[in-house]
Structure formats: structure tokens, C-alpha cells
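S.K.: I am attaching a structure below and will ask some questions about it afterwards.
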Amino acid sequence: MSSPASRLVVEGVGKDFGYHHVLRDVHFTVEEGEYIALMGSNGAGKTTLLRMIAGLSRPSSGSVSIAGVDLRRAGPGLRRRIGFVSHESLLYPELTGRENLEFHAGLFGVENVDAAIESLDELLDLAPILDRQAGVLSRGNRQRLTLARALLHAPRVLLLDEPFTGLDEESSNRLLRILQTLVDSGRTVIMTTHDRAILEAGPRRLVRIEGGTLHEDRVLVPAEQAHEVVDYTPAFLSPTLTMPPKLIGSAFAIARKDLRIEARTRDVVGSAGLFAICVLITMSFTSPPGETASGMATGVLWISLLFATLLGVGRTMGREQADRGIEGLLLAPTPKSAIFLGKAIASLVLMAFVSVAIVVMFIIFMAGNASIDFPALIGVLAIGTTGLVIVSTLFSGIAVGTRLGESMLQLLVMPVVIPLMVGSVELTRQTLGGEVGGVGTWLAILGGFDIVMLLASLATFVFVIEE
């Protein structure tokens with residue numbers, strides 16, 4: 001029997017989605033080294049339960065704890081004990097297999113990344129797929145890469161949601177051997193499955209969920225018949241781990257990942273910039289001659305910047321939904337607010353390029369012979385665009401999971417940014433030679449807006465993206 005410090009305890013767990021009760025009062029305890037098959041009919045609540053054990057979903061009632069600590073309050077060390085294999089890969093299709101593994105290894109504090117990948121290559125035969133983009137891999141190859149991602153940090157508890165779906169016989173047998181190796185090394189394995197053949201091929205305990213309640217919990221293989229835990233740790237379970245990166249380190253890692261994807265696809269800069277420039281050019285034909293310093297001309301500029309930001313940030317956050325990459329970030333033992341900060345940093349860099357193109361086109365088509373105070377204009381653009389990115393990044397976390405998607409983002413953001421837009425339009429008008437007045441007041445409003453929204457976003461973003 002293992003010590004209480006190694007136990008996983010599901011205590012009175014319930015989960016509601018609106019008025020629909022998915023799980024009700026589920027209790028069971030998992031000792032270290034157990035091999036559990038979680039079964040049940042479709043819609044019984046197996047995946048929901050597994051996601052709560054992984055820390056991806058909050059119970060509506062009850063708690064899930066590991067080492068006696070509620071997962072909702074678990075620190076980096078405890079969260080790093082869990083590995084999760086979902087229906088989706090949690091990988092980024094635009095990145096290669098190696099780039100995906102290096103990114104996740106960095107978030108989990110894996111120090112010897114190359115050695116860790118090499119040991120997993122020997123286990124999973126990753127060499128043919130490491131330098132190919134994840135998005136072009138077959139189901140079986142993507143599953144191997146997904147398993148490598150989950151094992152990189154040598155978790156003590158491995159959770160798998162229907163891991164054998166879509167695998168051929170050879171791949172299924174390889175996965176069974178890997179899972180048995182994990183259990184023989186003292187790791188805990190919990191997997192959902194519908195396959196009775198899989199149930200007879202390794203798991204030692206069956207937990208059945210039906211109708212959202214615990215229907216059955218029985219031993220399949222008595223302890224005296226089970227494999228003995230060996231005093232040997234395979235190479236792929238022996239990575240060198242260091243402290244996971246904190247807020248700033250994690251944020252910059254996420255930002256670098258986003259910028260690498262954008263450099264490869266040019267999706268955000270291309271689509272956002274082209275859209276905004278088209279709006280700007282179209283509106284220039286309706287602007288009366290000689291009205292450069294008017295509120296109308298500068299309003300057109302900021303409307304273009306607003307829609308470019310909404311489109312760009314929406315696309316950036318939308319990428320996290322492909323293969324549920326956002327869940328890979330939520331599983332990492334790093335501050336959840338780092339996700340917001342990293343996405344915002346990347347969006348600011350991308351919007352800087354878009355803003356340059358927009359301003360150049362504005363000067364060409366609408367500024368005419370206006371006397372432009374360029375240092376002041378750059379300052380206003382920096383403060384105003386920063387505010388737009390902060391608000392858009394926060395609300396994109398809400399909008400990206402809805403059916404309306406990017407349309408919902410516009411509805412959420414526009415009412416909030418009215419003070420920012422008004423101040424930016426007025427200050428821009430003054431930098432273009434308009435009547436000067438109240439500069440200090442407007443700067444205070446814009447600066448205060450950015451600071452308040454940044455602090456509010458860092459505090460609330462985790463609740464926005466949690467299930």
C-alpha cells in the first residue's frame with residue numbers, strides 16, 4: 001500500500017452544464033501504481049471525469065485531490081505529476097513534431113530536452129515524424145507524438161481518453177506495452193475505453209460510470225497476480241527536471257511559439273493588414289478634402305486599427321482551438337495568466353507591423369499636406385493599440401469557444417473600448433495639426449485604461465478560459 005501522499009482521491013464529484021447533470025456524487029481512490037480502465041456508455045460522463053482529474057475542468061461539487069491537495073490549489077510540482085492524452089492531440093498543426101515537443105518541454109521545466117526526445121524516439125519510433133508538421137500526420141503518427149508530449153516530463157499519473165481509437169493492431173500493441181511498462185515502474189494509469197479486449201489486456205481494476213454515477217468498481221487482477229513493481233526506471237521516465245518557468249518566462253515562450261507560427265503562415269498579418277487597408281482606402285473616398293485633422297479622418301484610422309486588432313487577435317486565439325492546443329497550455333505547471341500575457345505580447349508584435357502599414361496608407365490617402373508630429377503619433381498609436389490588444393485578448397478567450405466566434409468578439413469588445421477609441425481619435429487629431437487642448441487628460445485616460453484592463457485581464461483570464 002502506498003502512502004497517502006501518493007494517492008489520487010475523487011471525493012463526491014459532481015458536474016453540471018447548465019441544468020444538465022453530467023456527474024453526481026462520484027467517489028473513488030486511486031493508489032500509486034494502479035492500472036484502471038474507466039468504462040461506461042456514451043455520454044455517461046467518463047471524459048468529463050477524466051478532464052476533472054487532469055485539472056482541465058472544475059467540479060460543480062466535490063473535489064479531486066492528489067497528494068492530499070485539491071487540484072484547484074495545486075502548485076507546479078503537483079500539477080507536473082499529471083500527463084494527459086485526449087481525443088485531440090493538444091499539438092500545434094503548424095509546428096513540427098520536434099518543435100511541439102520542445103515547446104511543451106520548456107513549459108514543464110524539462111532541462112535535457114534533446115535527451116528526453118531521443119529516449120522517447122527509441123520508445124515510440126518518432127524519428128520519421130519529428131521534422132514533419134503535426135498537421136499533416138496520420139492519426140496513428142499523431143497519436144505517437146501526443147503520447148510523447150504527455151510522457152516528456154515523466155508524470156506519475158497518466159490519463160488517457162480512448163487512446164486506442166484509430167490505431168492499427170501494431171500501434172495498439174505498442175501502446176499496451178508502454179502502459180504496462182509505466183505501471184511496472186510504479187506509475188498510475190487511468191484510461192477510458194469501450195473495448196472489452198483492451199480491458200482484458202492489462203488493466204487491473206474496472207471503474208464503470210453510468211448515468212453520471214459510479215455504477216461499478218471492482219478488481220480485475222488480484223494484487224498477488226499482478227506484475228511486481230520493478231526497481232528500475234526506464235530512460236524515457238528519467239528526464240532532468242528543473243523549476244518550470246514563472247509568469248514572464250512562460251509568457252515569452254508562448255509568444256515565441258505564436259510568432260513562429262505566424263512567420264510560417266503569415267495568416268494574421270496578411271488578413272488583418274489587408275482588411276484594415278481596404279477599409280481605410282474605401283473610407284478615404286468619402287472623406288472631404290482638407291479634413292485630415294478632423295475627427296472623421298482620424299476616426300477612420302482608428303476604426304481600421306480596431307478591426308485589424310479584432311481580426312488578428314481572434315485568429316491568434318482561434319489557433320489554440322485547433323487540436324485543443326489551449327488545453328496543453330492549461331495542463332502546464334505555469335501560471336495561467338501567462339497564457340493571456342503571452343498571447344497579448346505576440347499580438348502586440350504582430351499589430352505593430354500591421355499598424356505601420358495602416359499608418360503609411362493613411363498618410364498617403366488621407367493626411368495630404370498635414371503637419372504631422374511623428375513622435376507624438378507613434379506614442380498615441382502605441383498606447384491605443386496596446387489597449388485594443390489587451391481587451392481583445394481577454395474577450396477572445398470568451399468568444400473563441402462560442403458558435404459566433406469572431407462576430408461575438410466584436411460585440412464584446414466594442415462597448416468596452418469606447419473611452420479608448422475616443423481618446424485615441426482626439427490625440428491623433430492633435431498630432432496631425434488639429435486644435436490642441438486637454439492632452440494631459442486624454443493621456444491619463446488612455447494610460448489608466450491600459451493599466452486597469454491589464455490588471456483585470458491577468459486576474460480574470462483563467463476563469464474566462466476554464467471549463
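S.K.: Where the centre of each part is set by its Cα atoms, how far does the stretch 14-45 sit from the stretch 71-138, in angstrom?
M.R.: 26 Å
S.K.: Explain nothing, just compute: Karplus ³J(HN,Hα) = 6.51 cos²θ - 1.76 cosθ + 1.60, θ = phi - 60°, for every residue of the stretch 85-96 in order, whole Hz, x for Gly and Pro.
M.R.: 10, 9, 4, 8, 7, 6, 10, 9, x, 7, 8, 6
S.K.: Something else about it: Work out the FRET efficiency for Cys278 and Arg256 from their Cβ-Cβ distance, taking R0 = 25 Å, and round it to the nearest 0.05.
M.R.: Numbers: r = 30 Å, r/R0 = 1.22.
About 0.25, to the nearest 0.05.
S.K.: Relative contact order for the chain using alpha-carbon pairs under 8 Å, separation at least 6, rounded to a whole percent?
M.R.: On the way: 785 pairs, mean separation 80.6, N = 467.
Reported relative contact order: 17 percent.
S.K.: Let me ask something else about it. Note the angle between two axes, namely the Cα long axis of helix 295-319 and the longest principal axis of the Cα atoms of the chain, as a number of degrees from 0 to 90, rounded to the nearest 10.
M.R.: Value to nearest ten degrees: 10.
S.K.: With viscosity set to 1.002 mPa s and temperature to 20 °C, compute the Stokes-Einstein D of the stretch 4-237, Rh being the Kirkwood radius across alpha carbon pairs; µm²/s, no decimals.
M.R.: 118 µm²/s
S.K.: If you line up the long axis of helix 418-431 against the longest principal axis of the chain, both from Cα atoms, how many degrees apart are they, to the nearest 10?
M.R.: Once rounded, one gets 40 degrees.
S.K.: Report the label-to-label distance for Ser61 and Ser371 in nanometres (one decimal), using points 7 Å from each Cα along the Cα→Cβ vector.
M.R.: 7.3 nm
S.K.: Give me the distance in nm between label points sitting 7 Å out from Cα along the Cα-to-Cβ direction at Val462 and Gln321, one decimal.
M.R.: In this crude spin-label approximation the distance works out to 2.5 nm.
S.K.: Rounding to the nearest 10 and keeping the result within 0 to 90°, find how far the Cα-based axis of helix 439-465 lies from the longest principal axis of the chain.
M.R.: Taking Cα atoms only, the helix is inclined about 20 degrees.
S.K.: Also: Rounded to two decimals, what is Rg over Rh for the stretch 110-244 when you use alpha-carbon atoms and the Kirkwood radius?
M.R.: Working: Rg = 16.1 Å, Rh = 16.4 Å.
Rg/Rh for the stretch 110-244 comes to 0.98.
S.K.: Then there is this: Note down the nm distance, to one decimal, between modelled labels 7 Å out along Cα→Cβ at Ala197 and at Val452.
M.R.: 6.3 nm
S.K.: Then there's this: Apply 1/(1 + (r/R0)^6) to the Cβ-Cβ distance of Leu167 and His20, taking R0 = 41 Å, and write down the FRET efficiency to the nearest 0.05. Write down the numbers at each step before the final one.
M.R.: Numbers: r = 32 Å, r/R0 = 0.77.
Efficiency for this residue pair is about 0.85.
S.K.: Just to compare against my own numbers: the Cα pair-distance distribution for the chain, 10 Å bins, whole % per bin, please.
M.R.: 4, 19, 26, 21, 14, 9, 5, 2, 0, 0
S.K.: Tell me which residues come under 5 Å, amide H to amide H, from Phe84 once H is placed; ignore anything under 5 positions away on its chain.
M.R.: Placed amide hydrogens put Leu159 under 5 Å from Phe84.
S.K.: List the extent of the Cα atoms of the stretch 327-383 along each of their three principal axes, largest first, rounded to whole Å.
M.R.: If we take the Cα atoms of the stretch 327-383, the spans are 55, 19, 10 Å.
Since every read-out is calculated from the coordinates, none of them should be taken as a lab result. Quick caveat, the model's predicted, so the values are computed rather than measured. Positions of Cβ are generated from backbone atoms using ideal geometry, with glycine treated the same way; all protein chains shown enter the neighbour counts.
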